[in-house]
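Peer 1: My structure is below; once you've seen it, I'll send some questions.
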Amino acid sequence: MFVGVVFFVCEGCNWSGKRGVEMYGAVVGDIVGSRFEFNNHKSKEFELFTEECKVTDDSIMTLAVGKAIMEYKGGATGEASLGELAVKYMQEIGRKYPHCGYGEKFFRWLCKEESEPYGSYGNGSAMRVSSAGFAAQTEEEALELARAVTEVTHNHPEGLKGAEAVTVAIFMARQGALKSEIRKRMSRYYNLNYRIDRIRKSYKFNETCQGSVPQAIMAFLEGDSFEDVIRTAVSIGGDSDTIAAIAGSIAEAYYGVPDDMWEKAKEYLDTDLSNISYDWSIFTWHAGGRFDQLTKYIKWFEQDVSFGEWVVDTKNDGSAEHPKHLPWVRYTALACSFIDDFYAFSFSYPEYEVENYNSILEDNDENTENINTPQIALAWILWLIRHDRFCEGALLEAFRSGHILKCLKRLEKTNADDIERHK
């Protein structure tokens, strides 16, 4: 049985074919934007991947910092601090690619044996920091990781602020924050009271954090999908690859990276970089859990939040000329986001066979009290989503009664068991 897409009337609904914590978004943004860095394209209409695209310092440093965080959180570093590991891997990996587009000061730092921070406020701090937002379990940890990998070079307040803003945006998006919430938080760092269309024509090349990070954040806020965020970021002009890398890193946390875009981007990575990327995907799978995409909603569903409201037709009088519409449910952005994430998860993990939800539930005697496997929990969620098509409001009642929450708690337990086994 094919699991069709269910259409709901909702606010701010988005769908993506993949979610993840793999820091792929920065790499995709870098590669797509690479051919426009010094040949700006002030439009969203262009081919994403061409022979002119390439990996630049943005991807290389993103992966180097990710490797440092992997080793640090893996606990096999001895006495080495995260800052020391960041220096080690940025230099060790970066020196293999001397012609990938480093800034002059950073390149000198890269080549020194004993390197000290040099007061930079360039956007390199923000483009390489995404792994801090993806690896952390709390916002406090995210900020600590970001500062440690940033201050080894970019110890200027603006350089630190740029890295912190991007890290917080990624972490918030991972936790299921709405764009309105992310915008409000980012406004503590930068003025975001403008539209991309207003600045596109006049925007010039600017490699500073304060001159490019807010533009990347705005590209994320205005985009309506991962791909649209990347296109919007490139269309701004300026330091196109870096702006797209920053915007892409946040967009990944919010939308996920479409499989086809990542598969295409991987073709530009050599074996060494591909291996780091693969190691990171394994690391984050163990650091988090396979159901994080869904269980992140638990904290919201445990609160007194709105999932939707009944809409009653009061405009029509019921006559032949003006028949009344049947009552229907308008689901909130939170509910719609959960539905989007559920379908994305289902397509990403076909081994759970959730499309066979009817037979799964029949084998379990349709017992709502006996949700003893993740497959049964997933089957119940899909059944409720599908049942809403034929029984308006069924899903709303499942949200309100806590049945969806109960299913998510079962998935959370599986996450915890998986992490314990891999310690």
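The values are calculated or read from the model by the stated rules, or taken from the named source; none is laboratory data. Just so it is clear, the model here is predicted, and its values are computed rather than measured. Note that each Cβ is placed from the backbone with ideal geometry, even for glycine, and that neighbours are counted across all protein chains shown. To get the accessible areas, we keep the full protein, side chains included, count just its heavy atoms, and leave off ligands, DNA and RNA. Shrake-Rupley method; radii C 1.70, N 1.55, O 1.52, S 1.80 Å.
Peer 1: Residues 72, 89: which one is among the aromatic types (Phe, Trp, Tyr), surrounded by 19 or more Cβ atoms within 10 Å (Cβ to Cβ) and modelled with pLDDT of 95 or more? Spell out the reasoning first.
Peer 2: On the way: 72 fails: modelled with pLDDT of 95 or more.
That would be 89, the only listed residue that is among the aromatic types (Phe, Trp, Tyr), surrounded by 19 or more Cβ atoms within 10 Å (Cβ to Cβ) and modelled with pLDDT of 95 or more.
Residue-by-condition table, conditions (1) touching a Gly at 6+ places or on another chain (Cβ under 7 Å); (2) closer than 17 Å to residue 243 by Cβ; (3) among the basic types (Lys, Arg):
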position: 126; (1), (2), (3): yes, yes, no
position: 161; (1), (2), (3): no, yes, yes
position: 173; (1), (2), (3): no, no, no
position: 186; (1), (2), (3): no, yes, no
position: 192; (1), (2), (3): no, yes, no
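Peer 1: Sticking with this one: Anything in the stretch 190-224 that is crowded, with 21+ Cβ neighbours inside 10 Å and either at positive phi or part of a loop (DSSP other than H, G, I, E, B) (or both)? List them, or say none.
Peer 2: 209, 212, 223
Peer 1: Is there any pair linking a residue in the stretch 394-406 that is in contact (Cβ under 8 Å) with a residue 60 or more places away in the chain and surrounded by 16 or more Cβ atoms within 10 Å (Cβ to Cβ) to one that is outside any helix (DSSP H, G or I) and not acidic (Asp, Glu), with Cβ under 6 Å and at least six apart or on different chains, and which?
Peer 2: 396/307; 396/308; 396/329; 399/307
Peer 1: Exactly one condition in (1) of a type in the set (Gly, Ala, Ser); (2) in contact (Cβ under 8 Å) with a residue 24 or more places away in the chain; (3) surrounded by fewer than 16 Cβ atoms within 10 Å (Cβ to Cβ) is not met by residue 187; state its number.
Peer 2: Condition not satisfied by residue 187: (2).
Peer 1: Given the options 115, 43, name the one that is touching a helix residue (DSSP H, G or I) at 6+ places or on another chain (Cβ under 9 Å) and farther than 25 Å from residue 204 by Cβ. Show your work before the answer.
Peer 2: Working: 43 fails: farther than 25 Å from residue 204 by Cβ.
Criteria check complete, one pass: 115.
Peer 1: Sticking with this structure for a sec: Looking at the stretch 155-184, which of its residues are open to solvent by 10 Å² or more (accessible area, probe 1.4 Å), closer than 18 Å to residue 229 by Cβ and polar (S, T, N, Q)?
Peer 2: 180
Peer 1: Another question, then. Suppose we filter the stretch 103-125 for residues that are closer than 15 Å to residue 59 by Cα, modelled with pLDDT of 95 or more and either in a loop (DSSP other than H, G, I, E, B) or open to solvent by 90 Å² or more (accessible area, probe 1.4 Å) (or both); how many remain?
Peer 2: Result for the stretch 103-125: 1.
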